[in-house]
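To start, the structure under review is shown below, and the notes come after it.
The values are calculated or read from the model by the stated rules, or taken from the named source; none is laboratory data. Computed from a predicted model, the values in this text were never measured in an experiment. Every residue, glycine among them, receives a Cβ derived from its backbone with ideal geometry; neighbour counts consider all protein chains shown. Calculation scope for accessible area: heavy atoms of the full protein, side chains included, ligands and nucleic acids excluded. Shrake-Rupley method; radii C 1.70, N 1.55, O 1.52, S 1.80 Å.
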Amino acid sequence: MTDRYAVIGNPIAQSKSPLIHELFARATAQDMTYARLEAPPGGFAAAVDAFRAAGGRGLNITTPFKLDAAAYATEASARVKFSGAANALKFEGNRVLAENFDGIGLVRDVTYNLNQSLKGQRVLMLGAGGACRGVLLPLLAQQPYELVIANRTLQKACDIASIGAQWGHVRSSSYAELVGRTYDVVVNATSASMRGELPPVPANVFARCHLAYDLSYGKGLTPFLRLALSEGVPALADGVGLLTEQAAEAFAWWRGVRPDTQAVRHLLTVPLV
Ligand code: ATR
């Protein structure tokens, strides 16, 4: 019987996940379908119950339901517990397993696709919202020399850094404290690029930077990447690699076979310069 998967969110029309998973399924000869599900606000659990009752095997979760998905699970990974958010569910009888593959996707994109090591590096992350929490543990597992989280609302960065400290060298910072400091890798995990805004990051952070990574995707050269480019950063990336790699992780988790991501990444890439 054909196995059923879907992505659930609201809105959902914009999601690239059906295209990505259909291409993965074709490339790995999996007998499966992958649909879009739109649930009304407050309607996540009912929609997932109905999907499971109809034989659904797994879901990807996007805005605004990632926290609901973590709460719905019967078993959650450390990454889900840390971030409070899940972007993939797997259904096995009465068990509901929750995962968050964003950080693994980011690390895989940086270390494998972009061929840049994070070990021993000074990493700066801008933003202390859900995107930061979602990627933090896999980043720390790469053993950077330090990971600094800068946020306008300093308390949010302090809260994440104090919980994250048990997994690695992480600390918080205001944007003002970044003046005069340099980092090897700078990651934009704010939502500023979604609105064409630039976080108030001083240009000096890019002086020795060899990779500027914006977690948003499909926006071309965002104000953050434009600043990094003008400061001479040699490698720029947006989140298309993360998107594709986290999808491949979910696919492997569900199906037991990891698809190659290169063709899909190239298909979805919006040129940066
Ligand atoms: P997400 O789930 O995408 O991370 P979020 O939880 O609403 O979204 O968090 C958005 C993050 O982007 C926050 O860190 C926010 O900073 P504040 O906590 O100080 O609000 C950050 N952010 C959004 N717009 C920004 C901007 N123009 N400049 C700097 N930071 C911005």
Exercise. Which chymotrypsin sites (Phe, Trp or Tyr not before Pro) does region 72-167 hold that lie in a coil by DSSP with at most 14 other beta carbons within 10 Å?
Worked result: TYR145
Exercise. Hey, what angle do you get for helix 130-141 against the long axis of the chain, alpha-carbon based, 0 to 90 degrees rounded to 10?
Worked result: 80
Problem set entry | Spatial separation of Cα centroids for region 214-260 and region 169-204, in angstrom | 18
For this session: Quick one: angle between helix 154-164 and the longest Cα principal axis of the chain, in degrees between 0 and 90, rounded to 10, please.
Result: 70
Problem set entry | Largest to smallest accessible area among LYS66, LYS119 [probe 1.4 Å] | LYS119, LYS66
Exercise. What list of ³J(HN,Hα) values in whole Hz, one per residue of region 143-153 in order, does the Karplus curve 6.51 cos²θ - 1.76 cosθ + 1.60 (θ = phi - 60°) give from phi, with Gly and Pro shown as x?
Worked result: 6, x, 4, 7, 10, 9, 9, 10, 8, 4, 8
Problem set entry | Angle in degrees between helix 17-28 and the longest Cα principal axis of the chain, rounded to the nearest 10 | 70
For this session: Divide by every residue of the chain the summed helix terms, -39500 (n - 2.57) for each DSSP H run of at least 4, and state the resulting mean residue ellipticity at 222 nm, rounded to the nearest 500 deg cm²/dmol.
Result: -10000 deg cm²/dmol
For this session: Report the residue, chosen from ALA70, ALA98, ALA78, that carries the largest GNM mean-square fluctuation when the chain is represented by alpha-carbon nodes joined by springs under 10 Å.
Result: ALA78
For this session: Could you work out the relative contact order of region 103-240, using alpha carbon pairs under 8 angstrom and six or more residues apart, expressed as a whole percent?
Result: 20
For this session: Report the normalised scattering of region 1-56 as log10 I(q)/I(0) at q = 0.13, 0.24 Å⁻¹, calculated by the Debye formula with identical scatterers on the alpha carbons.
Result: -0.35, -0.96
Seminar exercise, completed: Under a Gaussian network model of the chain whose springs join Cα atoms within less than 10 Å, the largest fluctuation of SER191, SER216, SER117 belongs to SER117
Seminar exercise, completed: Probe 1.4 Å, all chains present, heavy atoms only: ASP260 accessible area in Å², nearest 10, is 120
Exercise. How big is region 3-100 by the Kirkwood estimate over distinct Cα pairs, in Å?
Worked result: 13.4
Exercise. How many Å³ per residue does the convex hull of the Cα positions in the chain occupy?
Worked result: 120
